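Here the structure comes first, spelled out in C-alpha coordinates, and everything after it is commentary.
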Amino acid sequence: MNTSIKDSKIRWIIVALLFFATTINYIDRQVIGLLKPFIEKDLHWTEADYGYIVTAFQIAYAVGLLISGRMLDKLGSRLGYTVAIIIWSVGAVLHAFVHSVLGFGIVRSILGVGEAANFPAAVKTVAEWFPKKERALATGIFNSGSNIGAIVAPLIVVGITLTLSWKWAFIITGSLGVIWIVFWLLIYRTPEKHRRVSATELEYILSDNEASDETVDETGITWTSLFKYRQTYAICLSRFITDWVWWFFLFWAPDFLTKTQNINLKESILPLILIYTMASIGGIFGGALSSGFIKKGRTIDFARKTAILICALFVLPLVSATYFNNLWIVVIVIGLATAAHQGWASNIFTVVSDIYPKKAVATMVGLSGFSGAIGGALAASFVGLVLDISGSYTLIFVIASSMYLLAWLILKTMIPKIKPIDL
(Lines give C-alpha, C1' and ligand atoms only; values in the text may rest on other atoms or scores of the structure.)
Protein backbone atom coordinates (compact mmCIF):
# COMPACT_ATOMS: atom_id res chain seq x y z
CA MET A 1 0.00 0.00 0.00
CA ASN A 2 1.29 3.45 -0.91
CA THR A 3 2.66 5.29 2.14
CA SER A 4 1.03 8.57 1.03
CA ILE A 5 -2.35 6.89 1.39
CA LYS A 6 -1.66 5.72 4.91
CA ASP A 7 -0.39 9.16 5.91
CA SER A 8 -3.29 11.13 4.41
CA LYS A 9 -3.40 14.58 6.00
CA ILE A 10 -7.17 14.89 6.12
CA ARG A 11 -7.54 11.84 8.36
CA TRP A 12 -5.04 13.21 10.87
CA ILE A 13 -6.60 16.67 10.69
CA ILE A 14 -9.85 15.02 11.76
CA VAL A 15 -8.04 13.26 14.62
CA ALA A 16 -6.67 16.66 15.65
CA LEU A 17 -10.25 17.97 15.76
CA LEU A 18 -11.25 15.04 17.97
CA PHE A 19 -8.27 15.80 20.22
CA PHE A 20 -9.32 19.44 20.62
CA ALA A 21 -12.95 18.47 21.24
CA THR A 22 -11.82 16.15 24.04
CA THR A 23 -9.57 18.87 25.45
CA ILE A 24 -12.47 21.36 25.49
CA ASN A 25 -14.67 18.67 27.04
CA TYR A 26 -12.34 18.35 30.02
CA ILE A 27 -11.77 22.08 30.35
CA ASP A 28 -15.51 22.73 30.55
CA ARG A 29 -16.16 20.02 33.13
CA GLN A 30 -13.23 21.08 35.33
CA VAL A 31 -14.00 24.81 35.56
CA ILE A 32 -16.36 24.45 38.51
CA GLY A 33 -13.79 22.53 40.55
CA LEU A 34 -11.18 25.21 39.99
CA LEU A 35 -13.62 28.01 40.86
CA LYS A 36 -15.22 26.33 43.86
CA PRO A 37 -13.49 28.60 46.45
CA PHE A 38 -14.67 31.74 44.62
CA ILE A 39 -18.22 30.56 43.97
CA GLU A 40 -18.90 29.16 47.44
CA LYS A 41 -17.73 32.46 48.94
CA ASP A 42 -19.99 34.54 46.67
CA LEU A 43 -23.03 32.25 46.79
CA HIS A 44 -22.55 30.83 50.31
CA TRP A 45 -22.51 27.16 49.31
CA THR A 46 -22.02 24.39 51.83
CA GLU A 47 -19.88 21.38 51.00
CA ALA A 48 -23.07 19.33 50.69
CA ASP A 49 -24.47 21.86 48.18
CA TYR A 50 -21.39 21.43 46.01
CA GLY A 51 -21.67 17.65 46.33
CA TYR A 52 -25.29 17.74 45.11
CA ILE A 53 -24.28 19.88 42.13
CA VAL A 54 -21.54 17.40 41.17
CA THR A 55 -24.07 14.59 41.60
CA ALA A 56 -26.43 16.31 39.15
CA PHE A 57 -23.63 16.34 36.56
CA GLN A 58 -22.80 12.68 37.16
CA ILE A 59 -26.40 11.50 36.84
CA ALA A 60 -26.89 13.52 33.67
CA TYR A 61 -23.60 12.16 32.31
CA ALA A 62 -24.79 8.62 33.00
CA VAL A 63 -28.09 9.28 31.22
CA GLY A 64 -26.18 10.86 28.35
CA LEU A 65 -24.13 7.70 27.93
CA LEU A 66 -27.35 5.75 27.47
CA ILE A 67 -28.85 8.03 24.82
CA SER A 68 -25.84 9.42 22.95
CA GLY A 69 -25.05 6.27 21.00
CA ARG A 70 -28.52 6.02 19.51
CA MET A 71 -28.50 9.76 18.76
CA LEU A 72 -25.15 9.55 16.99
CA ASP A 73 -26.15 6.50 14.95
CA LYS A 74 -29.31 8.28 13.86
CA LEU A 75 -27.82 11.71 13.07
CA GLY A 76 -24.34 10.62 11.99
CA SER A 77 -21.00 11.85 13.33
CA ARG A 78 -21.06 15.26 11.65
CA LEU A 79 -24.45 16.42 12.90
CA GLY A 80 -24.49 14.32 16.09
CA TYR A 81 -21.16 15.69 17.33
CA THR A 82 -22.32 19.21 16.52
CA VAL A 83 -25.53 18.78 18.53
CA ALA A 84 -23.59 17.35 21.48
CA ILE A 85 -21.12 20.23 21.63
CA ILE A 86 -23.88 22.82 21.25
CA ILE A 87 -25.66 21.26 24.23
CA TRP A 88 -22.62 21.15 26.48
CA SER A 89 -21.39 24.61 25.39
CA VAL A 90 -24.77 26.15 26.22
CA GLY A 91 -24.72 24.37 29.57
CA ALA A 92 -21.19 25.63 30.28
CA VAL A 93 -21.98 29.28 29.47
CA LEU A 94 -25.22 29.23 31.49
CA HIS A 95 -23.19 28.69 34.68
CA ALA A 96 -22.47 32.41 34.60
CA PHE A 97 -26.17 33.30 34.78
CA VAL A 98 -27.43 31.14 37.66
CA HIS A 99 -27.12 31.82 41.37
CA SER A 100 -28.91 29.05 43.28
CA VAL A 101 -27.84 25.49 44.00
CA LEU A 102 -30.82 24.31 41.96
CA GLY A 103 -29.79 26.53 39.07
CA PHE A 104 -26.26 25.16 39.08
CA GLY A 105 -27.66 21.63 39.27
CA ILE A 106 -29.76 22.26 36.17
CA VAL A 107 -26.95 23.75 34.08
CA ARG A 108 -24.54 21.04 35.24
CA SER A 109 -27.10 18.50 34.03
CA ILE A 110 -27.20 20.15 30.61
CA LEU A 111 -23.40 20.06 30.52
CA GLY A 112 -23.33 16.40 31.57
CA VAL A 113 -25.82 15.20 28.95
CA GLY A 114 -23.89 16.94 26.18
CA GLU A 115 -20.41 15.92 27.35
CA ALA A 116 -21.37 12.25 27.58
CA ALA A 117 -21.52 12.08 23.77
CA ASN A 118 -17.90 13.11 23.25
CA PHE A 119 -16.21 9.71 23.51
CA PRO A 120 -18.89 7.73 21.62
CA ALA A 121 -18.78 10.38 18.87
CA ALA A 122 -15.00 10.37 18.67
CA VAL A 123 -14.78 6.57 18.60
CA LYS A 124 -17.46 6.45 15.90
CA THR A 125 -15.56 9.03 13.83
CA VAL A 126 -12.32 7.06 14.11
CA ALA A 127 -14.15 3.92 13.00
CA GLU A 128 -15.45 5.77 9.94
CA TRP A 129 -12.07 7.14 8.90
CA PHE A 130 -9.52 4.46 9.85
CA PRO A 131 -9.03 0.78 9.09
CA LYS A 132 -8.96 -1.33 12.23
CA LYS A 133 -5.17 -1.63 12.33
CA GLU A 134 -4.81 2.16 12.74
CA ARG A 135 -7.71 2.86 15.10
CA ALA A 136 -5.78 2.29 18.33
CA LEU A 137 -3.24 4.99 17.45
CA ALA A 138 -5.93 7.46 16.40
CA THR A 139 -7.91 6.74 19.56
CA GLY A 140 -4.83 7.18 21.75
CA ILE A 141 -4.16 10.58 20.21
CA PHE A 142 -7.64 12.01 20.69
CA ASN A 143 -7.97 10.46 24.17
CA SER A 144 -4.84 12.29 25.31
CA GLY A 145 -6.94 15.44 25.05
CA SER A 146 -8.58 14.50 28.35
CA ASN A 147 -5.31 14.92 30.25
CA ILE A 148 -4.27 17.98 28.24
CA GLY A 149 -7.62 19.57 29.10
CA ALA A 150 -7.03 18.90 32.79
CA ILE A 151 -3.54 20.41 32.49
CA VAL A 152 -4.42 23.62 30.62
CA ALA A 153 -7.70 24.30 32.46
CA PRO A 154 -5.98 25.81 35.52
CA LEU A 155 -3.96 28.17 33.31
CA ILE A 156 -6.99 29.38 31.36
CA VAL A 157 -9.51 29.50 34.18
CA VAL A 158 -7.26 31.18 36.73
CA GLY A 159 -6.08 33.76 34.20
CA ILE A 160 -9.63 34.71 33.23
CA THR A 161 -10.87 34.74 36.82
CA LEU A 162 -8.09 36.96 38.15
CA THR A 163 -8.37 39.30 35.16
CA LEU A 164 -12.16 39.48 34.84
CA SER A 165 -14.31 37.30 37.13
CA TRP A 166 -15.33 33.69 37.71
CA LYS A 167 -18.46 34.22 35.63
CA TRP A 168 -16.38 35.18 32.61
CA ALA A 169 -14.35 32.00 33.06
CA PHE A 170 -17.52 30.00 32.36
CA ILE A 171 -18.53 32.20 29.42
CA ILE A 172 -15.16 32.18 27.66
CA THR A 173 -14.34 28.49 28.16
CA GLY A 174 -17.91 27.55 27.24
CA SER A 175 -17.56 29.45 23.98
CA LEU A 176 -14.54 27.40 22.86
CA GLY A 177 -16.92 24.69 21.64
CA VAL A 178 -18.60 27.13 19.26
CA ILE A 179 -15.25 27.85 17.60
CA TRP A 180 -14.61 24.11 17.30
CA ILE A 181 -17.99 23.55 15.62
CA VAL A 182 -17.12 26.02 12.85
CA PHE A 183 -13.99 24.02 11.92
CA TRP A 184 -15.83 20.70 12.30
CA LEU A 185 -18.62 21.66 9.91
CA LEU A 186 -16.15 23.09 7.40
CA ILE A 187 -13.86 20.05 7.43
CA TYR A 188 -15.82 16.94 8.35
CA ARG A 189 -17.62 14.65 5.93
CA THR A 190 -17.69 10.88 5.84
CA PRO A 191 -14.87 9.45 3.68
CA GLU A 192 -17.37 8.47 0.98
CA LYS A 193 -18.51 12.11 0.64
CA HIS A 194 -15.24 13.94 1.25
CA ARG A 195 -13.81 15.64 -1.83
CA ARG A 196 -10.21 15.24 -0.60
CA VAL A 197 -10.44 11.46 -0.42
CA SER A 198 -9.39 9.64 -3.56
CA ALA A 199 -10.87 6.35 -4.68
CA THR A 200 -7.63 4.61 -3.72
CA GLU A 201 -7.61 6.08 -0.24
CA LEU A 202 -11.28 5.26 0.27
CA GLU A 203 -10.50 1.66 -0.63
CA TYR A 204 -7.75 1.68 2.01
CA ILE A 205 -10.04 3.16 4.69
CA LEU A 206 -12.70 0.55 3.99
CA SER A 207 -10.19 -2.25 3.40
CA ASP A 208 -11.23 -4.39 6.36
CA ASN A 209 -14.96 -3.68 6.29
CA GLU A 210 -17.13 -6.73 5.98
CA ALA A 211 -20.81 -7.39 5.70
CA SER A 212 -20.77 -8.49 9.31
CA ASP A 213 -18.92 -5.41 10.48
CA GLU A 214 -19.24 -4.54 14.16
CA THR A 215 -21.30 -1.42 13.46
CA VAL A 216 -23.98 -3.65 12.01
CA ASP A 217 -23.74 -6.41 14.59
CA GLU A 218 -23.96 -4.03 17.55
CA THR A 219 -27.64 -3.41 16.89
CA GLY A 220 -28.33 -6.98 17.99
CA ILE A 221 -26.47 -6.69 21.32
CA THR A 222 -28.61 -5.96 24.36
CA TRP A 223 -27.77 -5.38 28.00
CA THR A 224 -29.80 -8.46 28.84
CA SER A 225 -27.48 -10.65 26.79
CA LEU A 226 -24.42 -9.11 28.47
CA PHE A 227 -25.77 -9.71 31.97
CA LYS A 228 -25.79 -13.45 31.34
CA TYR A 229 -22.06 -13.39 32.04
CA ARG A 230 -20.36 -12.82 35.39
CA GLN A 231 -17.59 -10.93 33.59
CA THR A 232 -20.11 -8.14 32.98
CA TYR A 233 -20.90 -7.86 36.67
CA ALA A 234 -17.22 -7.89 37.57
CA ILE A 235 -16.24 -5.12 35.17
CA CYS A 236 -19.27 -2.94 35.96
CA LEU A 237 -18.76 -3.34 39.70
CA SER A 238 -15.05 -2.55 39.45
CA ARG A 239 -15.81 0.68 37.60
CA PHE A 240 -18.64 1.53 40.01
CA ILE A 241 -16.24 1.53 42.96
CA THR A 242 -13.23 3.16 41.25
CA ASP A 243 -14.39 5.70 38.63
CA TRP A 244 -15.61 8.09 41.33
CA VAL A 245 -12.05 8.51 42.58
CA TRP A 246 -11.01 10.10 39.27
CA TRP A 247 -14.07 12.39 39.34
CA PHE A 248 -13.19 13.30 42.91
CA PHE A 249 -9.73 14.44 41.82
CA LEU A 250 -11.22 16.51 38.99
CA PHE A 251 -13.82 18.27 41.11
CA TRP A 252 -12.20 18.46 44.56
CA ALA A 253 -8.40 18.46 44.12
CA PRO A 254 -8.15 22.26 43.63
CA ASP A 255 -10.25 22.86 46.74
CA PHE A 256 -8.29 20.29 48.75
CA LEU A 257 -4.96 21.89 47.88
CA THR A 258 -6.07 25.47 48.59
CA LYS A 259 -7.67 24.59 51.93
CA THR A 260 -5.18 22.10 53.35
CA GLN A 261 -1.94 23.56 51.99
CA ASN A 262 -2.84 27.24 52.48
CA ILE A 263 -2.30 28.26 48.87
CA ASN A 264 -4.43 30.44 46.63
CA LEU A 265 -5.90 29.57 43.25
CA LYS A 266 -2.96 31.07 41.36
CA GLU A 267 -0.47 29.10 43.44
CA SER A 268 -2.40 25.88 42.73
CA ILE A 269 -1.73 26.05 38.98
CA LEU A 270 1.67 24.35 38.96
CA PRO A 271 0.68 21.59 41.42
CA LEU A 272 -2.43 20.77 39.35
CA ILE A 273 -0.42 20.71 36.13
CA LEU A 274 2.04 18.29 37.73
CA ILE A 275 -0.78 16.03 39.00
CA TYR A 276 -2.41 15.71 35.58
CA THR A 277 0.89 15.39 33.76
CA MET A 278 1.62 12.41 35.98
CA ALA A 279 -1.86 11.09 35.13
CA SER A 280 -1.08 11.32 31.42
CA ILE A 281 2.20 9.44 31.85
CA GLY A 282 0.46 6.84 34.01
CA GLY A 283 -2.10 6.09 31.32
CA ILE A 284 0.63 5.37 28.78
CA PHE A 285 2.74 3.39 31.25
CA GLY A 286 -0.18 1.25 32.43
CA GLY A 287 -0.98 0.18 28.88
CA ALA A 288 2.67 -0.39 28.01
CA LEU A 289 3.16 -2.47 31.17
CA SER A 290 0.65 -5.16 30.26
CA SER A 291 1.77 -5.11 26.61
CA GLY A 292 5.34 -5.64 27.81
CA PHE A 293 4.34 -8.70 29.82
CA ILE A 294 2.63 -10.18 26.75
CA LYS A 295 5.70 -9.55 24.58
CA LYS A 296 7.76 -11.47 27.14
CA GLY A 297 5.52 -14.48 26.67
CA ARG A 298 3.17 -14.10 29.62
CA THR A 299 -0.54 -14.80 29.16
CA ILE A 300 -3.09 -12.04 28.65
CA ASP A 301 -4.67 -13.01 31.98
CA PHE A 302 -1.36 -12.58 33.81
CA ALA A 303 -0.47 -9.38 31.96
CA ARG A 304 -3.75 -7.54 32.58
CA LYS A 305 -4.26 -8.64 36.18
CA THR A 306 -0.65 -7.96 37.15
CA ALA A 307 -0.71 -4.49 35.59
CA ILE A 308 -4.03 -3.77 37.35
CA LEU A 309 -2.58 -4.96 40.68
CA ILE A 310 0.51 -2.77 40.31
CA CYS A 311 -1.72 0.25 39.57
CA ALA A 312 -3.85 -0.58 42.62
CA LEU A 313 -0.75 -0.66 44.84
CA PHE A 314 0.32 2.79 43.64
CA VAL A 315 -2.99 4.23 44.89
CA LEU A 316 -2.49 2.95 48.47
CA PRO A 317 -0.20 5.85 49.57
CA LEU A 318 -3.18 8.15 49.02
CA VAL A 319 -4.31 7.22 52.53
CA SER A 320 -1.52 9.46 53.88
CA ALA A 321 -2.30 12.56 51.79
CA THR A 322 -3.99 14.49 54.59
CA TYR A 323 -1.11 13.98 57.02
CA PHE A 324 1.58 15.87 55.09
CA ASN A 325 2.13 19.61 55.45
CA ASN A 326 4.54 19.73 52.52
CA LEU A 327 2.69 20.74 49.34
CA TRP A 328 4.94 18.85 46.94
CA ILE A 329 4.81 15.58 48.86
CA VAL A 330 1.01 15.81 48.75
CA VAL A 331 1.13 16.57 45.01
CA ILE A 332 3.35 13.54 44.37
CA VAL A 333 1.05 11.26 46.39
CA ILE A 334 -2.06 12.48 44.54
CA GLY A 335 -0.19 12.45 41.23
CA LEU A 336 0.78 8.81 41.73
CA ALA A 337 -2.87 7.99 42.43
CA THR A 338 -4.10 9.77 39.29
CA ALA A 339 -1.35 8.09 37.25
CA ALA A 340 -2.38 4.73 38.68
CA HIS A 341 -6.03 5.41 37.86
CA GLN A 342 -5.23 6.17 34.23
CA GLY A 343 -3.03 3.07 33.99
CA TRP A 344 -5.89 1.11 35.56
CA ALA A 345 -8.35 2.60 33.04
CA SER A 346 -6.11 1.66 30.09
CA ASN A 347 -6.20 -1.96 31.21
CA ILE A 348 -9.90 -2.10 32.11
CA PHE A 349 -10.84 -0.88 28.62
CA THR A 350 -8.50 -3.47 27.15
CA VAL A 351 -9.96 -6.25 29.31
CA VAL A 352 -13.35 -5.51 27.73
CA SER A 353 -11.90 -6.08 24.25
CA ASP A 354 -10.05 -9.18 25.51
CA ILE A 355 -13.28 -10.79 26.72
CA TYR A 356 -16.13 -9.57 24.49
CA PRO A 357 -16.49 -9.96 20.71
CA LYS A 358 -16.09 -6.80 18.66
CA LYS A 359 -19.81 -6.53 18.08
CA ALA A 360 -20.33 -6.13 21.85
CA VAL A 361 -17.33 -4.00 22.87
CA ALA A 362 -18.97 -0.59 22.39
CA THR A 363 -22.12 -1.68 24.20
CA MET A 364 -20.09 -3.08 27.10
CA VAL A 365 -17.94 0.05 27.34
CA GLY A 366 -21.11 2.15 27.49
CA LEU A 367 -22.67 -0.10 30.12
CA SER A 368 -19.58 -0.10 32.33
CA GLY A 369 -19.23 3.67 31.82
CA PHE A 370 -22.81 4.09 33.00
CA SER A 371 -21.96 2.05 36.11
CA GLY A 372 -18.95 4.24 36.79
CA ALA A 373 -20.98 7.43 36.36
CA ILE A 374 -23.64 6.23 38.79
CA GLY A 375 -20.91 5.42 41.30
CA GLY A 376 -19.54 8.91 40.77
CA ALA A 377 -22.96 10.48 41.35
CA LEU A 378 -23.46 8.69 44.66
CA ALA A 379 -19.91 9.39 45.78
CA ALA A 380 -20.21 13.12 45.03
CA SER A 381 -23.09 13.55 47.46
CA PHE A 382 -21.29 11.38 50.02
CA VAL A 383 -18.10 13.46 49.74
CA GLY A 384 -20.02 16.70 50.18
CA LEU A 385 -21.84 15.41 53.28
CA VAL A 386 -18.63 14.04 54.83
CA LEU A 387 -16.85 17.37 54.34
CA ASP A 388 -19.80 19.28 55.82
CA ILE A 389 -19.97 17.03 58.88
CA SER A 390 -16.28 16.44 59.56
CA GLY A 391 -14.52 19.24 57.70
CA SER A 392 -11.83 16.71 56.87
CA TYR A 393 -10.78 14.82 53.74
CA THR A 394 -9.20 11.97 55.75
CA LEU A 395 -12.08 9.47 55.54
CA ILE A 396 -12.50 10.13 51.81
CA PHE A 397 -8.83 9.45 51.08
CA VAL A 398 -8.88 6.30 53.22
CA ILE A 399 -11.80 4.91 51.20
CA ALA A 400 -10.40 6.04 47.85
CA SER A 401 -6.99 4.47 48.50
CA SER A 402 -8.46 1.02 49.00
CA MET A 403 -10.99 0.88 46.16
CA TYR A 404 -8.59 -0.23 43.43
CA LEU A 405 -7.24 -3.14 45.43
CA LEU A 406 -10.81 -4.20 46.18
CA ALA A 407 -11.67 -3.95 42.49
CA TRP A 408 -8.65 -6.10 41.61
CA LEU A 409 -9.90 -8.74 44.04
CA ILE A 410 -13.33 -8.60 42.41
CA LEU A 411 -11.84 -9.08 38.95
CA LYS A 412 -9.54 -11.89 40.09
CA THR A 413 -12.37 -13.70 41.87
CA MET A 414 -15.18 -13.24 39.37
CA ILE A 415 -13.00 -13.58 36.25
CA PRO A 416 -10.70 -16.55 37.01
CA LYS A 417 -9.21 -16.28 33.55
CA ILE A 418 -9.42 -13.44 31.05
CA LYS A 419 -10.41 -15.08 27.78
CA PRO A 420 -12.95 -14.53 24.97
CA ILE A 421 -16.56 -15.47 25.53
CA ASP A 422 -19.13 -16.58 22.96
CA LEU A 423 -21.93 -14.04 22.76
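For Glu47, are the conditions met, namely being over 17 Å from Glu115 (Cα atoms), surrounded by fewer than 18 Cβ atoms within 10 Å (Cβ to Cβ) and not β-branched (Val, Ile, Thr)?
Numbers: over 17 Å from Glu115 (Cα atoms): yes; surrounded by fewer than 18 Cβ atoms within 10 Å (Cβ to Cβ): no; not β-branched (Val, Ile, Thr): yes.
No, not satisfied.
Is one or more of the residues making up region 312-334 in contact with a Pro (Cβ under 7 Å, 6 or more places away or on another chain), free of Cβ contacts under 8 Å to residues at least 24 places away in the same chain and either part of a helix (DSSP H, G or I) or surrounded by 15 or more Cβ atoms within 10 Å (Cβ to Cβ) (or both)?
Narrowing region 312-334 to residues in contact with a Pro (Cβ under 7 Å, 6 or more places away or on another chain): 327, 331, 333.
Then drop every residue that is not free of Cβ contacts under 8 Å to residues at least 24 places away in the same chain, which leaves 333.
Now restrict to residues that are either part of a helix (DSSP H, G or I) or surrounded by 15 or more Cβ atoms within 10 Å (Cβ to Cβ) (or both): 333.
Looking through region 312-334, at least one residue is in contact with a Pro (Cβ under 7 Å, 6 or more places away or on another chain), free of Cβ contacts under 8 Å to residues at least 24 places away in the same chain and either part of a helix (DSSP H, G or I) or surrounded by 15 or more Cβ atoms within 10 Å (Cβ to Cβ) (or both).
Given (1) without any contact (Cβ under 8 Å) to a residue 60 or more places away in the chain; (2) under 16 Å from the mean Cα position of the chain (by Cα), identify the lone condition not met by Thr242.
(1)
Hydrophobic (A, V, I, L, M, F, W, C), under 19 Å from Ser402 (Cα atoms) and at pLDDT 85 or above: does that describe Ile308?
yes
Restricted to region 390-423, and to residues that are at pLDDT below 90 and of a type in the set (A, V, I, L, M), which residue is most open to solvent (accessible area, probe 1.4 Å)?
Among residues in region 390-423 that are at pLDDT below 90 and of a type in the set (A, V, I, L, M), the one most open to solvent (accessible area, probe 1.4 Å) is Leu423.
Can you name every residue in region 65-87 that is without any contact (Cβ under 8 Å) to a residue 40 or more places away in the chain and buried (at least 24 other Cβ atoms within 10 Å of the Cβ)?
Ala84
Between a residue in region 245-263 that is on the phi < 0 side of the Ramachandran plot and in a loop (DSSP other than H, G, I, E, B) and any residue that is modelled with pLDDT of 85 or more and of a type outside the set (S, T, N, Q), which pairs come within a Cβ distance under 7 Å, given they are 6 or more apart or on different chains?
Gln261/Leu327; Gln261/Val330; Ile263/Leu257; Ile263/Leu327
Which residues, counting only those in region 235-276, are open to solvent by 30 Å² or more (accessible area, probe 1.4 Å) and hydroxyl-bearing (Ser, Thr, Tyr)?
Thr260 - this is the single residue of region 235-276 that is open to solvent by 30 Å² or more (accessible area, probe 1.4 Å) and hydroxyl-bearing (Ser, Thr, Tyr).
Among the residues in region 361-375, are any in a helix (DSSP H, G or I), of a type outside the set (Ser, Thr, Tyr) and either at positive phi or surrounded by fewer than 16 Cβ atoms within 10 Å (Cβ to Cβ) (or both)?
No, region 361-375 contains no residue that is in a helix (DSSP H, G or I), of a type outside the set (Ser, Thr, Tyr) and either at positive phi or surrounded by fewer than 16 Cβ atoms within 10 Å (Cβ to Cβ) (or both).
Going by the conditions given, is Leu378 open to solvent by 50 Å² or more (accessible area, probe 1.4 Å) and within 25 Å of Ser68 (Cα to Cα)?
Taking the combined requirement at face value, the residue satisfies it.
Yes/no per residue for (1) within 19 Å of the chain's Cα centre (by Cα); (2) crowded, with 20+ Cβ neighbours inside 10 Å; (3) of a type in the set (S, T, N, Q):
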{"site": "Ala16", "(1), (2), (3)": "yes, no, no"}
{"site": "Tyr26", "(1), (2), (3)": "yes, yes, no"}
{"site": "Thr55", "(1), (2), (3)": "yes, yes, yes"}
{"site": "Ser89", "(1), (2), (3)": "yes, yes, yes"}
{"site": "His95", "(1), (2), (3)": "no, yes, no"}
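Within region 281-305, track down each residue that is surrounded by fewer than 17 Cβ atoms within 10 Å (Cβ to Cβ) and in a helix (DSSP H, G or I).
Listed by number, the residues that qualify are Ile281, Ile284, Ala288, Ser291, Gly292, Ile294, Lys295, Asp301, Phe302.
The values are calculated or read from the model by the stated rules, or taken from the named source; none is laboratory data. This is a predicted model, so every value here is computed, not measured. In this analysis, Cβ positions are derived from the backbone assuming ideal geometry, glycine residues included, and neighbour counts consider all displayed protein chains. For accessibility, only protein heavy atoms count, side chains too; no ligands or nucleic acids. Shrake-Rupley method; radii C 1.70, N 1.55, O 1.52, S 1.80 Å.
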